[in-house]
Amino acid sequence: MTEFWGQTGLVLKRSSASLVMCLFSKLVILQLVVLQLVILQQQKLGPSSTSLQPTLYTLAGMATADALIASLQDINGESFTDKAERIRARDALYDALRKVQTPWDIAWDHIVVKGGGNAAIKTLIDAGVFKKWHEAGGEPITCTKLSKLTGADEHLIRRMMRAIAGQRLVIETDLDTYARTPWARALGEDAPLPAMYGGFYGELTNPMFRSLPYYLKQNGYRNPTDKNDCNFQHWRGPDAVFFKYVGTNPLLTSDFNDVMECHSRDNLTAWTEVYPTEKIIEGAVPERPLVVDIGGGKGHDLRKFHVRHPQVPTRHLILQDLPDFLKDVKPDSAFTIQAHDFFTPQPLRGARAYFLHNVLHDWPDATAVDILKNIASAMERGYSRLLIHESLISERAPLSKVTATDMIMMAGLASAERTEEQWRELIAAAGLRVVKIWRPVQAVESVIETELA
């Protein structure tokens, strides 16, 4: 790692993201020095220099903006060797962005830029732009070529590409020519990711969020706690049930499962990296179930366990969920499948570990306690553990990803993300006790290890 000053300016060879911050701090100091020199020059010239004041301050502002922009050019996700450091840097950039935006900038971004951008993204996905772009080799491409590949109107493609290029989601390399960013590449290569913009957004989260302010106004701004009388019924009708709606809509079921897979894979630290899974295997009775993943969707968490412990027989790793959610899950070498409704008593008794991932945040406290009691009834004292992989919302400076999920829980299920104190109270109400909370630094979710009280 070397720094030197040459005739062309500062040349920097960096080996880590921390060096980016070092460069940034030096540039900030340089900016302040430039500004101070301008001010001193202004004072030296005195009142007669009044006409120069706008020019001097404009030059200082330009120097500040240019230095800031230059300091950010080489930042990317690969600059960081640690996920927690990347998240810290991302949040710092969010904070910096808010400091340079005007209130009007923020409002316009919320309502127009993001709204129009999401419409453009979904249109491009549905037209097959990202998939066809990938199949064509993924190199920089013109709108004319994209039109020929997809059959969509060329002028329409051009307008949609401009919309997302304005948000730096693709890179304009020449007139009417665009290169893929990692995001655009993923939409063409990563099959589950487009589901985020499909049924999950268009038929679930977007209409739920539109309805929420009107529902809260109607109910007198009380915190929702009744899953049978909440915003979801305000939107869909008095008899509507969230998971029934998701489970009986084939497109939404598929997209929902895909989004949960992406969420688990890309947004979260794997539970097997948070919790020492060797503890599950140590002392396990061979003929009993080892891990029962309750409400486990497509089985991504059991696959993570199987990758770490490939010697464990498939019959000892059981994926449970409702039939509608399991119908698209193919037989897997990592686990066996069992249809189960967690509102009924757990049929597999005396397992070494029961596992819940993002299940309880879907339900208000009273319902969540019922789910926990159904599992507790099958646990063996001193042997079985219940592992709860969920977010713990911080009382102060919570992560934006957790607060965003909290809004989804409110809008669809009258539930919430919980603080540590709320988790402990909930777990105790079901006759369980917290053994330990395994909490990684800057991670969205923790693993709460529990046993019979």
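The values are calculated or read from the model by the stated rules, or taken from the named source; none is laboratory data. Because the structure is predicted, anything quoted here is derived from the model rather than measured. Here the Cβ is made from the backbone with ideal geometry for all residues, glycine too, and neighbour counts use every protein chain on show.
Condition check ((1) surrounded by fewer than 21 Cβ atoms within 10 Å (Cβ to Cβ); (2) under 21 Å from Asp341 (Cα atoms); (3) basic (Lys, Arg); (4) not assigned by TED's automatic domain parsing to the domain that holds Leu124) across all residues:
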| residue | (1), (2), (3), (4) |
| --- | --- |
| Thr177 | yes, no, no, no |
| Thr181 | yes, no, no, no |
| Phe200 | no, no, no, yes |
| Asn219 | yes, no, no, yes |
| Asn228 | yes, yes, no, yes |
| Arg236 | yes, no, yes, yes |
| Asp239 | yes, yes, no, yes |
| Lys244 | yes, yes, yes, yes |
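Every test in (1) of a type in the set (Val, Ile, Thr); (2) surrounded by 17 or more Cβ atoms within 10 Å (Cβ to Cβ); (3) within 28 Å of the chain's Cα centre (by Cα) is passed by Val329 save one, and that test is (2).
Yes or no, residue by residue, for (1) surrounded by 14 or more Cβ atoms within 10 Å (Cβ to Cβ); (2) closer than 19 Å to Met409 by Cα:
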| site | (1), (2) |
| --- | --- |
| Thr344 | no, no |
| Gly350 | no, no |
| Tyr354 | yes, no |
| His361 | yes, yes |
| Ile371 | yes, yes |
| Asn374 | yes, no |
| Glu380 | yes, no |
| Tyr383 | yes, no |
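Quick one: in region 410-434, which of the residues that are more than 30 Å from Gln233 (Cβ to Cβ) and surrounded by fewer than 21 Cβ atoms within 10 Å (Cβ to Cβ) is modelled with the lowest pLDDT? Reasoning before the result, please.
Initial filter on region 410-434 (more than 30 Å from Gln233 (Cβ to Cβ)): 420, 424, 428, 431-434.
Filter once more, so that each one left must be surrounded by fewer than 21 Cβ atoms within 10 Å (Cβ to Cβ): 420, 424, 428, 431, 433-434.
Working: Glu420: 95, Arg424: 98, Ala428: 98, Gly431: 98, Arg433: 98, Val434: 98.
Restricting to residues being more than 30 Å from Gln233 (Cβ to Cβ) and surrounded by fewer than 21 Cβ atoms within 10 Å (Cβ to Cβ), the top hit is Glu420.
Against the criterion of being without any contact (Cβ under 8 Å) to a residue 12 or more places away in the chain and either at negative phi or of a type outside the set (Gly, Ala, Ser) (or both), Glu273 does not qualify. Listed by first and then second residue, the pairs linking a residue in region 398-410 that is touching a residue at least 12 places away in the same chain (Cβ under 8 Å) and farther than 21 Å from Arg88 by Cα to a residue that is of a type outside the set (A, V, I, L, M, F, W, C) and in a helix (DSSP H, G or I), with Cβ atoms under 8 Å apart and 6 or more places separating them unless they lie on different chains, are Ile408/Thr205; Met409/His361; Met409/Asp362; Met410/Asn231.
Test Ala179 against the criterion of being touching a residue at least 60 places away in the same chain (Cβ under 8 Å), more than 24 Å from Met407 (Cβ to Cβ) and not in a helix (DSSP H, G or I), and give yes or no. So Ala179 fails the test.
Counting only residues that are among the polar types (S, T, N, Q), give me the strands (runs of 3 or more DSSP E) lying completely in region 370-453 with at least 2 of them.
Details: elements: 385-391, 432-438, 445-452.
Those strands (runs of 3 or more DSSP E) span 445-452.
Close Cβ contacts (under 8 Å, 6 or more residues apart or on different chains) running from residues in region 95-111 that are within 19 Å of Asn206 (Cβ to Cβ) to residues that are modelled with pLDDT under 95 and exposed (fewer than 12 other Cβ atoms within 10 Å of the Cβ) are absent.
Here is a yes/no grid of residues against (1) in contact (Cβ under 8 Å) with a residue 60 or more places away in the chain; (2) more than 16 Å from the chain's Cα centre (by Cα):
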{"residue": "Thr269", "(1), (2)": "yes, no"}
{"residue": "Pro289", "(1), (2)": "yes, yes"}
{"residue": "Gly296", "(1), (2)": "yes, yes"}
{"residue": "Arg303", "(1), (2)": "no, yes"}
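Show me the helices (runs of 4 or more DSSP H) entirely contained within region 60-160 in which 2 or more residues are within 16 Å of Val170 (Cβ to Cβ) and either touching an Asp or Glu at 6+ places or on another chain (Cβ under 8 Å) or of a type in the set (Ser, Thr, Tyr) (or both). Fully inside region 60-160 and qualifying: 143-150.
Taking the criterion of being under 25 Å from Glu445 (Cα atoms) and in a helix (DSSP H, G or I), the residues of region 286-338 that qualify are His300, Asp301, Leu302, Arg303, Lys304, Phe305, His306, Val307, Arg308, Phe325, Leu326.
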